[in-house]
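Please read the structure below before turning to the comments.
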Amino acid sequence: MTITRTAQLRDAIPDAPTSPAPNGAATVATRKPDPAGDLIASMESEFRKLLPSALPWDMFARIALTGMRKNDKLIEATRPSLLGALMECARLGLAPCTEQASLSTFKNRRRGNVLECQLIIGYQGYIQLMYRSGQVEQVEAEMVYEADEWEYTLGDGGRFFHRPKLLLPPEERGAPLFAYAYATLRGGGRTKVSITPRWKAEELRKKHGNVWDSNFLEMWGKTPLRQVQKYAPKSSELRRAELLDGAVIDLGGVATLDDGRTIDSTVVDEPTGAVNDTDDDMGWPPAAQPADANPASQ
């Protein structure tokens, strides 16, 4: 008989202390309740069907369990929404509860304030998915602070330059000014440089709230990344991630998007146009669109 790694992880939790029965009878040790471990174990076969070879089941289960045990609210969310988010992480090959993908709970007013879990694709998740397309050589996504040196020019291919003052302590670098992102493509050239200044990030924060309030810098930083994807080659995985970012997904594959629309996530393969939210970016002119443009320096 074989013992799965999930069972080993679950059973490794110390048993609750026992005391002798008052009548001297033999006692039976009971395992400490572990709803997160039990939930993951119950769906092991389904997760294994979805996980890519680059993200082994043992690793996925361990990361998911660690994240769920650190955030008690996750196990309180509806089971379909929690498992739906975890299933989508497995399908995309992203580690849940990390900078690749996070799980966030909120009270869904559209469903009587029931606590649900939504999938949030992190900036590291987007970068990883861009690399997987095989047509992106390098992705740069950074925040510019007051003390940093930077330059942004237009005309004749354009130029973007950023020299961060990494040796300064955080308090001396000053406040963040803007987030930017661009991708260098295989075969030469790069995408436009997408820039999101603080005032735009604050505007998005007021509009969307929830995750923006608790993870402001991360959400700000990934905003220009989402825009860069309009100008870079996309894989089907990246299109899925864009569309389902912020969605509540049930086990049947029905995804409720941030704007309330519902779609069948099991058939998301081709671009739908729904992910190009112009609210995410300034829409500044391209810095270097032609294939022979000089790459941005840093």
- Hull surface over four for the Cα convex hull of the range 36-76, reported in nm², is 2.8
- Message: What's the ranking of 158-166, 105-113, 91-99 by average number of surrounding C-beta atoms within 10 Å, highest first?
- Response: 91-99, 158-166, 105-113
- Task: Would you calculate the separation in nanometres between label points at TYR231 and ARG198, each defined as 7 Å from the Cα along the Cα-to-beta-carbon direction?
- Result: 2.5
- J(HN,Hα) series, the range 105-122, from Karplus relation 6.51 cos²θ - 1.76 cosθ + 1.60, nearest Hz, glycine and proline x: 9, 7, 8, 7, 5, 5, 10, x, 6, 6, 6, 10, 10, 10, 8, 10, 6, x
- Message: I need to check one value: relative contact order of the range 175-218, counting alpha carbon pairs closer than 8 Å and at least 6 residues apart, in percent.
- Response: 29
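Under unit Cβ charges (Lys, Arg +1; Asp, Glu -1), what dipole magnitude, rounded to 20 debye, does the range 132-253 have relative to its Cα centre?
500
Rule-based calculations on the coordinates, nothing more; no lab input. The shown structure was predicted, so the numbers you read here are calculated from the model rather than taken from an experiment. For neighbour counting, all protein chains shown are included, and Cβ atoms are generated from backbone atoms with ideal geometry for every residue, glycine included.
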